[in-house]
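Report on the following structure.
The values are calculated or read from the model by the stated rules, or taken from the named source; none is laboratory data. Source: prediction; values computed, not measured. Every residue, glycine among them, receives a Cβ derived from its backbone with ideal geometry; neighbour counts consider all protein chains shown.
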Amino acid sequence: MDSGTKKIGLTPRLVSALYTEAMLLADEARAYFDEHGRDDRDTLAPMLRVGFSCESLKVTTRLMHVIAWLLTRRAVEAGELSESQGLHNSRRLGHAAESDMVLVAQLPADAQSMIESSIELYARVKRIDTGLDAEMEAGSPANTLLKRLQASF
């Protein structure tokens, strides 16, 4: 099996669990920022309201990047994409801007919880995405041995 079709150690069960978590968090975030969060935002000082809105967009961006990445992993598992297609830069976990934790600390508790949950989920998926590179580089034991032999001559 060449590296274009090599299977990565990411299990369908893990992808499914992460997908469920991401979708639930996305739904909670939508409900909060569209409904209850509006009342919370309206109680804030003008500059904090702007920060609140920016942070809500960051939450949404993080979650959409995670969901897109998980859908790619599902497509690879289903055979709709090869592993090398799934690892193409355009299908990797997208960049999400970091939250301003000084600002976050000044927001309502529910907003803080949403923001922190999205940061934590994104960080976990980022570690997995980064780990896929290491798995692909490791390759098969035969290729590793061949590379070591070539390097010694």
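Key figures for this structure:
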quantity: Test: A45 is under 17 Å from K126 (Cβ atoms), modelled with pLDDT of 95 or more and either surrounded by fewer than 17 Cβ atoms within 10 Å (Cβ to Cβ) or of a type in the set (S, T, Y) (or both); calculated: no
quantity: Selection count, the range 27-43, where residues are of a type in the set (A, V, I, L, M, F, W, C) and out of contact with any Ser or Thr (no Cβ under 8 Å at 6 or more places or on another chain); calculated: 1
quantity: Residue pairs meeting the criteria (Cβ under 7 Å; at least 6 apart or on separate chains; first among the basic types (K, R), in the range 111-135; second buried (at least 17 other Cβ atoms within 10 Å of the Cβ)); calculated: K126/L93
quantity: Number of the exception - E80 against (1) closer than 29 Å to R13 by Cα; (2) under 20 Å from the mean Cα position of the chain (by Cα); calculated: (2)
quantity: Subset of the range 20-40 [touching a residue at least 40 places away in the same chain (Cβ under 8 Å) and either farther than 18 Å from M64 by Cβ or β-branched (V, I, T) (or both)]; calculated: H36, D40
quantity: Selection count, the range 28-42, where residues are among the small types (G, A, S) and closer than 11 Å to L107 by Cβ; calculated: 1
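Rundown of residues vs (1) in contact with a Ser or Thr (Cβ under 8 Å, 6 or more places away or on another chain); (2) under 17 Å from A109 (Cα atoms), yes/no style:
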site: S16; (1), (2): no, no
site: T20; (1), (2): no, no
site: M23; (1), (2): no, no
site: A45; (1), (2): no, yes
site: L48; (1), (2): no, yes
site: S53; (1), (2): no, yes
site: R62; (1), (2): yes, no
